[in-house]
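Bear in mind that the values in this text are calculations on the coordinates, not laboratory data. A quick note: this is a predicted structure, and the numbers were derived from the prediction, not measured. When we count neighbours, we look across all protein chains shown, and the Cβ atoms used for this are built from the backbone with ideal geometry, even at glycine.
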């Protein structure tokens, strides 16, 4: 299990990429979520906190294959590929098959601020995995999103996950109250 300094925070931005954000179904309050994530990137950078950005990729030949236009980060996101760590993943868990846990350990990170999309897939799975690995995840309630599904509207999915994850898996926080 990971052991880290409990006060050091890092920012993890999940799947804020062309193919997911600009797909046929638009993410719930996507512009607001993107603006909130950019605020958090700015605060993290000012504080010298590490910033990590995950991109979900599919197999070769898929629309989101590694390096494809749809796998690229949104042009409006303030991630700086020269100083921030951008990595690809193939599963909902940002830790599975990536170096994320090791990078966080090397940076002495204990608290992981999690933002991005999609709430019910990669956000949920990564929050639960972070806890299992000994990190202290902080989910930013107003900085993750998803799209409507046939069963539930996106707003209900987000509210449900904020309530379900808060406590046993994450500490819930707003963009305004999160500092690094």
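Suppose we filter segment 42-63 for residues that are over 17 Å from residue 116 (Cα atoms) and under 18 Å from the mean Cα position of the chain (by Cα); how many remain?
Residues meeting the conditions: 3.
Is it fair to say residue 74 is touching a helix residue (DSSP H, G or I) at 6+ places or on another chain (Cβ under 9 Å) and surrounded by 13 or more Cβ atoms within 10 Å (Cβ to Cβ)?
yes
If residue 106 passes every condition in (1) within 17 Å of residue 9 (Cα to Cα); (2) surrounded by fewer than 19 Cβ atoms within 10 Å (Cβ to Cβ); (3) in contact with a helix residue (DSSP H, G or I) (Cβ under 9 Å, 6 or more places away or on another chain) but one, which one does it miss?
(3)
Answer with yes or no whether residue 52 is surrounded by 18 or more Cβ atoms within 10 Å (Cβ to Cβ) and in contact with a strand residue (DSSP E or B) (Cβ under 7 Å, 6 or more places away or on another chain).
In short, yes.
What is the residue count in segment 8-17 for residues that are over 13 Å from the mean Cα position of the chain (by Cα) and part of a strand (DSSP E or B)?
Selection size over segment 8-17: 1.
Looking only at segment 143-165, which residues are within 16 Å of residue 114 (Cα to Cα) and surrounded by fewer than 21 Cβ atoms within 10 Å (Cβ to Cβ)?
Answer for segment 143-165, where residues must be within 16 Å of residue 114 (Cα to Cα) and surrounded by fewer than 21 Cβ atoms within 10 Å (Cβ to Cβ): 159, 162, 163, 164.
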